[in-house]
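Working notes, structure below.
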Amino acid sequence: MINEKPEKLTFKQQSVVTAALKLFAVKGYANTSTKEIALTAKVSEGSIFRHFHSKEGLLLEIINPLLNSIFPAELYEFSQMTLVPDYKDLKTFISRFINERLDYFQTNLETFRILLGELIYANNMRDKILQSIPQDVISAMTKQFHDLQNKHLLVEWPDYDIFRFIFSTMIGYLAQHFILFPEIHWNETAEKERLVDFITQGLTPVK
């Protein structure tokens with residue numbers, strides 16, 4: 001799990017973080033009260049405020065380790081393994097990119113479900129996520145785009161527009177599957193293939 005036990009937290013405080021993680025993931029941050037968290041963690045509501053100060057402070061206790069260390073480190077590893085200038089066609093690159101990102105999301109589903117919910121509704125969370133992306137990862141993505149463009153495999157759009165198209169489409173997919181309609185039994189293999197095809201077709205140059 002992403003939310004490994006921080007050494008600075010006591011057992012009781014970690015119980016609060018664990019309870020909040022589960023409740024936020026199931027009910028959403030906005031629909032979860034500190035009273036519910038306290039009951040689930042078997043602590044007083046006052047003890048939550050004494051340590052975390054607010055419900056938002058508790059949310060940041062869950063999300064900050066992801067944004068400040070785990071997410072950047074994982075992105076760096078991803079850039080070293082996936083962003084290499086040897087793709088012969090655009091679909092191969094998009095397929096590898098999407099499948100690796102979705103696998104990482106599903107491996108850490110609870111934390112990312114919270115993050116995704118906040119990403120949709122909160123501008124400050126979107127800013128935090130963008131700021132957490134290491135510059136060398138952005139540079140590696142840009143280099144990948146330029147290599148594909150030099151091979152005439154990728155549309156000649158500005159780098160930012162290509163980023164936006166890929167990530168907004170992927171976020172829409174994740175929101176549909178895990179936030180808006182989690183009760184639907186999706187054929188994940190077919191859904192991923194459609195997602196890859198959609199992005200590939202959208203970014204393929206018109207001949």
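The values are calculated or read from the model by the stated rules, or taken from the named source; none is laboratory data. These numbers come from a predicted model, not from an experiment. Counting neighbours? That spans all protein chains shown, and the Cβs are built from the backbone with ideal geometry, glycine included. In case anyone asks, the SASA skips ligands and DNA or RNA and just uses the protein heavy atoms, side chains included. Shrake-Rupley method; radii C 1.70, N 1.55, O 1.52, S 1.80 Å.
Only one entry in Phe97, Phe49, Phe78 is closer than 25 Å to Gln135 by Cα and either at pLDDT 70 or above or not in a helix (DSSP H, G or I) (or both), namely Phe97. With the condition kept exactly as written, say whether any residue in the stretch 55-65 is part of a helix (DSSP H, G or I), among the acidic types (Asp, Glu), touching a Ser or Thr at 6+ places or on another chain (Cβ under 8 Å) and modelled with pLDDT of 80 or more. No, because not a single residue in the stretch 55-65 is part of a helix (DSSP H, G or I), among the acidic types (Asp, Glu), touching a Ser or Thr at 6+ places or on another chain (Cβ under 8 Å) and modelled with pLDDT of 80 or more. Within the stretch 24-40, the set of residues being more than 19 Å from the chain's Cα centre (by Cα) and among the aliphatic types (A, V, I, L, M) comprises Ile37, Ala38, Leu39.
Against the test of being closer than 30 Å to Lys88 by Cβ and either at pLDDT 80 or above or open to solvent by less than 30 Å² (accessible area, probe 1.4 Å) (or both), the options Phe181, Phe105 yield a single qualifying residue, Phe105. Reported count of residues in the stretch 141-158, each being open to solvent by 40 Å² or more (accessible area, probe 1.4 Å), of a type outside the set (Lys, Arg) and not in a loop (DSSP other than H, G, I, E, B), is 2. Hey, does the stretch 41-48 have a residue that's more than 25 Å from the chain's Cα centre (by Cα), among the charged types (D, E, K, R) and open to solvent by 10 Å² or more (accessible area, probe 1.4 Å)? Yes.
The residue of the stretch 5-26 that is modelled with the lowest pLDDT, among those that are surrounded by 13 or more Cβ atoms within 10 Å (Cβ to Cβ) and basic (Lys, Arg), is Lys22. The criterion of being free of Cβ contacts under 8 Å to residues at least 60 places away in the same chain and assigned to a helix (DSSP H, G or I) does not hold for Phe178.
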